[in-house]
Each structure stands twice: as structure tokens, then as C-alpha cells.
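Report on the structure given below.
Just so you know, all these numbers are worked out from the coordinates, no wet-lab data involved. None of the values given here were measured: they were computed from a predicted structure.
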Amino acid sequence: MARTPRRTLTGSPGGSPCASGDREGRVAGYVLKIARQAVSLTQEEFAERIGVDVTTIQGWESGRRPLMAATAGTYLGVRHHLLRLGASPRLLGQLDTAMEADRFIGYVLGTDGPIDLDRHPLATWVITRPFTDLVGWTFTGTAPGAIADTAPRLRRGPAPAGPRLAADERRHFLTHLRDAAEQSAPDTAAGALLRRQAHYVAGFDATSETVAWLAVMQRAEQRRLRTGDWSPSWAVVRSGAHTLARQGDGDALPQFIGVHIETDACEIANLNYWAYWLGEIGDPKLSDTFMVELDLDDWRGDRMLAHLAAKLDPANVYVDVVVHTLWSLITRKPDLLTPRTAADLAPACARLVDEGVISPQSHRELSEVLYALRMIHRR
């Protein structure tokens, strides 16, 4: 098959043709820049420390010379030097994931023609929260936590405050995600995984056109889903409800919780996905079927409990699913509640109940959580 000539996208380094996975480097380059500045080194000082020319550092940080194209030895040397100089291990972990994000961005920007749906990156693994946050950064300008925590120490200047997609790159990216989702197989697990993850990533774009498309796709997916059953389409509808909530639809999550989390399998699936999203499950998953195949005893829940407690905020667009998941977690893992965790959790639960901003179902569930917390102190 003849290859379609690559178009030139203005945001590609140096105005070059559409990137491929191994020629994209903007996210990892920006994370590297943050790590270098966090240890108070200039580009020249850093180059001298690791034994490369300063133009190499400049190329890495700008994305013109992708960090993933460096040899493994060179990359490990960079990481080890930064670690010895005091860079946060959490920040350096972001550097590893940033190269995955760059490879995905490069794949999308480099696809200009028919999409290989079977080999599409979003059809071959269940993406993680760190990966998604880094890809979303290029759309929203909101840095992931490990990076935002470092930001106050960074020098300010005329450079962009993060890796960004140019306007034509953004259009290309969104068109690609829409095409991939619409062309995915409607009745396979791989097709549902591609559709779900394309919807979620596209949801970082807040334009009216994208929001309208997401709503249409959500309704189409709901028609595929039989009420009460878990299926790959259930996972698509779950992510779609989260995406619509992020876009301002206040009914999406309460409706999903009330209609589509009503069986034991769906409750387990919701908890297992949260555990994966929050890093309680360390092994990468290749299909959404892990949501119902994994035993709840395979992960602890401490991290999830702490995360949910921190998200009990009426301003949180996901507050209803946070409440439901907290209720479900405590119901199924009551040993997570100790006098100390109960003391930390009770004030936030009480405030949310008193403010009356959550759905009636969330109010009932949070009241049950409060009762369980009070019982802890009577043991």
C-alpha cells in the first residue's frame, strides 16, 4: 500500500513533518528541564556533569532531540546524576512515563491515513493515571502533581509553562481520536478499550464540538449496554460519565451510579479500576476485563481510602462517585477503618452531609459511612 505523504504540523520541532513515536520528545524534554532546574543547574553545568555537549541538553529539553532516542546507558546516566544531585524520585518517575506519553503523541501525530485499530496504543493496554496526566498536560496546561509540586522552585521566563500542542496538532489529535473511536469494533473487548480510552483522552479538550461528540458517543455506548450486567461497554460508559462530569455535566455520574452500579460484579469492577488508577495494582493490564477478573484481596486499599478522603469536596466534579466508591470500599474492606483513619475521615464526611450539595443517593451512602465511623470509637 502506498504511504500517504506526511503533512507538516507547526508544533512539531523545527516545523518538521508529523512526528513518529521515536521522533517526539516535548513532554520528556520539559520534565527533564524541570528536574534540572529543581537541582539548580544551568544547561551548561548539567551538560558538564553528565559529559555531553550543551547543545544535546538544549535539544533534549526543547524536544528537537527526543530523549527516547538516547542510548539506554546515556538515559540511565542522566537519571542517576539527577538522583544523586537531589532530584525527587517521584519526579524522575514522571520522566520515565513522559517518554511513554511522547511515544503515544508521536504515534497520533504521525498517523495520517488509515488507522491500524489492532495495534493502536489505546487498544493494547489500560493506560495509567500518570500517563494520562502527562498527555492531558499538553491540552490543559495543568501539570501533574509531582511536577506541580516542583513548579514554585522553577525560574520564570518567556518560555511556555509546559509542553503544548499547537492548534493544528490539536485538531489532528482530536480528529484521530474521533476516527479511532468511531471505527473501533463495537462488539470486542479491544474495540471497547480503544473507544473508552479515546473518549477519555479527547475529553481533555473542552471545545463545544468535542463535548457534543462525547455526549453522542456516550448515548451510543449506553444503547450497547444491558442494565445490570458488566461488559466492556460498561467500562466505556463509566469513563464517559467521568469525562462528561469533567466537562460540566452534573447529571452524568449520579445517573451512572444509580443505573449502572447495581450488581456485585459492577461494584467490584468499579473498585478494581480505582485501585489500578491509583497505583494500588502495580502490574500493567492489557484489557478492561481485569476489572471483574481480579480479586479484591489482591490489593490493600489504604491508598484508595486516603485519596477518596482527600476528594470529599463539594467543588469536586467527581464527588458523587467519590462518595459511592468510599461507601463501597468501606463496606467490602471494613478493616481499613481504624480509630485513626476514622478520626481523619469523619470531619470531611460530616461537612459534606451538612452542606447538602450531593445527590440523594450520595447523601444516604455518606450517612452510612458516618455511622460506621462512629461505631469504630465504640469498639
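Listing for the model above:
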quantity	calculated
Per-residue ³J(HN,Hα) for region 171-179, Karplus 6.51 cos²θ - 1.76 cosθ + 1.60, θ = phi - 60°, Hz, x for Gly and Pro	4, 4, 4, 5, 4, 4, 5, 4, 4
Debye equation applied to the C-alpha atoms of region 300-379, log10 I(q)/I(0) at 0.16, 0.17, 0.25 Å⁻¹	-0.50, -0.57, -1.28
Per-residue HN-Hα couplings for region 339-349 [Karplus 6.51, -1.76, 1.60; θ = phi - 60°; Hz; x = Gly/Pro]	x, 6, 5, 5, 5, 6, 7, 4, x, 5, 5
Spatial separation of Cα centroids for region 345-371 and region 180-230, in angstrom	31
Square roots of five times the Cα gyration tensor eigenvalues for region 199-253, Å	20, 10, 9
20 Å-binned pair-distance histogram of the chain (Cα, whole percent)	26, 53, 20, 0
